[in-house]
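Okay, structure first, notes after.
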Amino acid sequence: MPFDRLADLRLFQDASQLGSFSAAGRKHGLSPAAASACIQRMEAALGARLFQRTTRRLRLTEAGETYLTYCRQALELLEEGEHRLQQEQRELSGVIRLSAPSDLGRNQLLGCLDRFGAEHPAVHFSLSLSDTPADLIGDDIDLAIRYGQPADSSLVARQLAASRRVVCAAPALLERLGQPSHPQDLAALPTLTLMTGHGPMNEWRYRDMGEARTLRLERTRQSNDGEVLRRWAVQGLGFAYKSQLDIAADLAAGRLATVLDDYFTEPAPLHLLYPGHRLQPARIRRLVDFLLAEFSR
């Protein structure tokens with residue numbers, strides 16, 4: 001006879017913790033005989049003995065220990081599911097910890113968070129803007145926004161937008177210095193490079209006749225803030241190597257122009273990253289859906 005899995009799993013777990021069928025039965029409103037019969041049904045259905053019974057004590061067999069591990073996981077997942085459903089019926093609340101590149105965070109993400117916060121005023125944000133990729137696990141980050149493919153395969157990556165890396169400069173600088181005809185020309189021109197926690201990003205990748213090449217810049221103006229580099233580029237202080245998405249408004253307004261587009265073609269899609277093994281609270285899942293919709297526009 002098949003057993004009632006949910007009720008019997010809870011009885012089995014309590015019997016193992018209390019060391020008594022009678023005590024577990026009382027907790028569930030069952031007589032000692034009914035509790036014992038319930039365990040016997042489980043053992044018959046599983047084809048394994050779960051307890052060693054003596055007049056003095058009750059203890060789990062090796063099979064019982066193994067089954068208890070899975071029993072606990074199943075009950076914990078069910079409780080988590082019930083809690084999540086109850087939580088979603090209530091107002092979203094709590095803190096969401098985010099990490100994003102500096103210029104994208106200031107120019108695009110802040111507006112998205114303001115709109116989400118207006119819809120869900122009990123949700124609060126802890127936002128870290130840095131051009132050095134965050135350690136999501138070590139830094140306890142819920143969501144990160146980054147360009148390119150993540151190196152950590154344990155992270156879930158959802159593409160927010162397609163983009164590529166371009167070399168850009170202010171029209172006034174191009175008028176003064178002229179258009180470079182080849183990436184190597186940039187080595188003798190004023191350039192702007194990003195400093196990260198892993199060192200300077202002074203190697204700009206390009207393709208020449210189908211071959212992958214690297215331009216290494218030795219003397220550049222540097223900053224650890226991508227937004228500062230964007231502003232310097234707009235001021236005409238040098239050529240910058242930026243994601244096209246970061247400078248889209250500047251290109252549309254004519255504040256910046258791209259150069260050497262036939263050479264600099266490296267894709268740099270924008271991704272939303274989060275740990276794949278975590279059960280995400282409703283506020284985080286709702287923000288993920290919100291950001292995917294916002295950036296798809």
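The values are calculated or read from the model by the stated rules, or taken from the named source; none is laboratory data. Treat the numbers as computed from the prediction; the structure is a model and nothing was measured. Using ideal geometry, Cβ is built from the backbone for each residue, glycine included, and neighbour counts are taken over all protein chains shown. Note: areas computed on protein heavy atoms with side chains; ligands, DNA, RNA excluded. Shrake-Rupley method; radii C 1.70, N 1.55, O 1.52, S 1.80 Å.
Odds and ends about this structure:
- Selected residue (criterion: most open to solvent (accessible area, probe 1.4 Å)) from residues of the stretch 132-149 that are farther than 13 Å from Leu98 by Cα and in contact (Cβ under 8 Å) with a residue 12 or more places away in the chain: Gln149
- Restricting the first member to the stretch 36-48 and to residues that are closer than 15 Å to Arg26 by Cβ, and the second to residues that are aliphatic (A, V, I, L, M) and in a helix (DSSP H, G or I), the beta-carbon pairs closer than 6 Å and six or more apart or on different chains are Cys38/Leu11.
- Pairs where the first residue, in the stretch 20-33, is of a type in the set (Asp, Glu) and the second is in a helix (DSSP H, G or I), C-beta under 7 Å, 6+ apart: none
- Positions within the stretch 235-268 being part of a strand (DSSP E or B) and either open to solvent by less than 50 Å² (accessible area, probe 1.4 Å) or of a type in the set (A, V, I, L, M) (or both), in sequence order: Phe239, Ala240, Tyr241, Lys242, Ser243, Ala257, Thr258, Val259
- Yes/no for Pro180 being of a type outside the set (A, V, I, L, M, F, W, C), crowded, with 18+ Cβ neighbours inside 10 Å and either farther than 24 Å from Asn224 by Cα or without any contact (Cβ under 8 Å) to a residue 12 or more places away in the chain (or both): yes
- Single match in Leu60, Leu9 (criterion: open to solvent by less than 40 Å² (accessible area, probe 1.4 Å) and under 40 Å from the mean Cα position of the chain (by Cα)): Leu9
- Test for Asp114: is it surrounded by 15 or more Cβ atoms within 10 Å (Cβ to Cβ) and acidic (Asp, Glu): no
- Pairs where the first residue, in the stretch 194-213, is closer than 12 Å to Glu266 by Cα and open to solvent by 70 Å² or more (accessible area, probe 1.4 Å) and the second is assigned to a strand (DSSP E or B) and of a type in the set (S, T, N, Q), C-beta under 6 Å, 6+ apart: Arg205/Thr214
- Residues that are within 37 Å of the chain's Cα centre (by Cα) and part of a loop (DSSP other than H, G, I, E, B) do not occur anywhere in the stretch 172-188.
- Here Glu227 meets the list (1) closer than 30 Å to Gly94 by Cα; (2) outside any helix (DSSP H, G or I); (3) in contact with a helix residue (DSSP H, G or I) (Cβ under 7 Å, 6 or more places away or on another chain); (4) not hydroxyl-bearing (Ser, Thr, Tyr) almost entirely, failing just condition (2).
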